[in-house]
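Each remark here refers to the structure printed beneath this line.
The values are calculated or read from the model by the stated rules, or taken from the named source; none is laboratory data. Source: prediction; values computed, not measured. Methodologically, a virtual Cβ is constructed for each residue, glycine included, from the backbone with ideal geometry; neighbour enumeration extends over all protein chains shown. Ligands, DNA and RNA are excluded from the accessible area calculation, which covers all protein heavy atoms including side chains. Shrake-Rupley method; radii C 1.70, N 1.55, O 1.52, S 1.80 Å.
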Amino acid sequence: MKTFLPLLALATGAFAIGATEFTPMGLLPNIASGLDISITTAGGLITGYAVGVMVGAPIMTLGLGRLTKRHALVFLLLLFIAGNLLASQSDSYWGLMVARLITSLNHGAFFGIGSVVAASLVEKHKQAAAVAAMFMGLTLSNLIGVPFITWIGQVYGWRLAFVLISGLGVVTLIGLLILLPAIPKGNKPNIKYELKVLTRLPVVLALLTTVFGASALFALYTYIAPFLINIVHVSESDVAMLLVVIGLGFTVGNYLGGKLSAKGIDRTLVIFFILLILSMILLPLISSHLLLTIITLFVWSVASFALVPPLQIKTMQIAHDAPGLVSSVNIGAFNLGNAIGAVIGGVALKYSYNIVPLSAALVAIVGLLLVFSQFKVKREPQKSLA
């Protein structure tokens, strides 16, 4: 119970952030129609959010370094609430883009600081499980929150979806204030030293692995709603139900990734990268069969999120002398992959919906090669690329 309640508070925050990150993907056709823009243009909102996370992660983490962890997380949640309320009132593409950028500033720093807090609550051999427990909120968001809010947005309008998401932010804020233990203020961060940590070759390779793993996920997931409607030929109302299947896969994958990482991080990464590649190659071949498509999407979603805990723990272990910064930058790398994946999927979309998963598979192959490349890198903290 001593660690359960703080982890619950962090997982609640992850749930809320998952809702704001992933719900627009299921509502992309509705947002595009409401703002009178194309699907590809609407996809730019996904890219913009991801870029905001990438840029905001190190800036917010270093800027909040002297606050207590709880105060820093509370400040980030206030940004989250304000950004989603602004999004609900936006009446133009660029207005919504600005709102999404404001919201994105909390994302990387919240997960970065939260990962450090989660890991600090338990013994070293349980750290992967603790980080996975926090990220379980993200996967449960995809299982419960995203499908439900997507359905609300489809029936009652996408603006209401952002109002509900801001409400999740309020609940999270209350939870953090009540459940998160008091943690002493941090020392003034040595910005020059911590930034130098990011130039170490093992850290760079680990971050690049995160980028390509996330790119593979989001090349398909960004356009999952139009893919299901146009290729699998499901109705718009059934999209939310299939998002539940994907969310269940994310949840199972997150659990397996945290569990298996305790027995070997690199082995876990290899297994699930291969599973991710195979599922995306198979998807276009069976997309005319609904049941096979559902099974393949489930496997794909398991593999996608099974990569998250081992990648997060790996970067924190490699850069153990700057865990907060590198953890948040790893989240930024994940969202850089989000942005890149959205662009790759958008380009593929111009040719065929079925090319989208194949392009994502090619990106995942690069991620797998990066994992293999790290087997030969001797991890010496004093070495860097600078």
Vicinal HN-Hα couplings computed from phi for region 143-158 (Karplus, 6.51 cos²θ - 1.76 cosθ + 1.60; Hz; Gly/Pro x): 7, 10, x, 5, x, 5, 5, 4, 4, 4, x, 5, 7, 10, x, 5
List the longest stretch of the chain that has no exposed loop site; here a site is one of the trypsin sites (Lys or Arg not before Pro) assigned by DSSP to anything other than H, G, I, E or B, with at most 10 other Cβ within 10 Å. 3-262
Ignoring any ligand, DNA or RNA, what whole percent of the accessible area of the chain comes from carbon and sulfur when the probe is 1.4 angstrom? 71
Per residue accessible area in Å² of region 1-92, where ligands, DNA and RNA are left out and the probe is 1.4 Å: 36
Taking only protein heavy atoms into account and a 1.4 Å probe, give the accessible area per residue of region 240-376 in Å². 37
With a 1.4 Å probe and every protein chain left in place, tell me how much accessible area residue 61 has, in Å² to the nearest 10. 20
Among 208, 140, 292, which one shows the biggest mean-square fluctuation in a GNM of the chain, springs joining Cα atoms closer than 10 Å? 292
Alpha carbon Rg of the chain, scaled by the compact-globule rule 2.2 N^0.38 Å: 0.91
Just to check I understand the Karplus step: with θ = phi - 60° and J = 6.51 cos²θ - 1.76 cosθ + 1.60, what whole-Hz values come out for region 217-228, glycine and proline as x? 5, 7, 4, 9, 5, 4, 10, 5, 5, x, 4, 5
Beyond 27 Å between alpha-carbons counts as too far, so tell me which of 124/196; 314/350; 69/196; 69/124 fall in that bin. 314/350
Do any chymotrypsin sites (Phe, Trp or Tyr not before Pro) in region 269-315 lie in a DSSP loop with no more than 12 other beta carbon atoms within 10 Å, and if so, which? none
Suppose every Lys and Arg Cβ carries +1 and every Asp and Glu Cβ carries -1, with no other charges. What dipole size does the chain come out with about its Cα centre, to the nearest 20 debye? 1420
Based on alpha-carbon centroids, what's the gap between region 1-57 and region 223-280 in Å, whole number please? 17
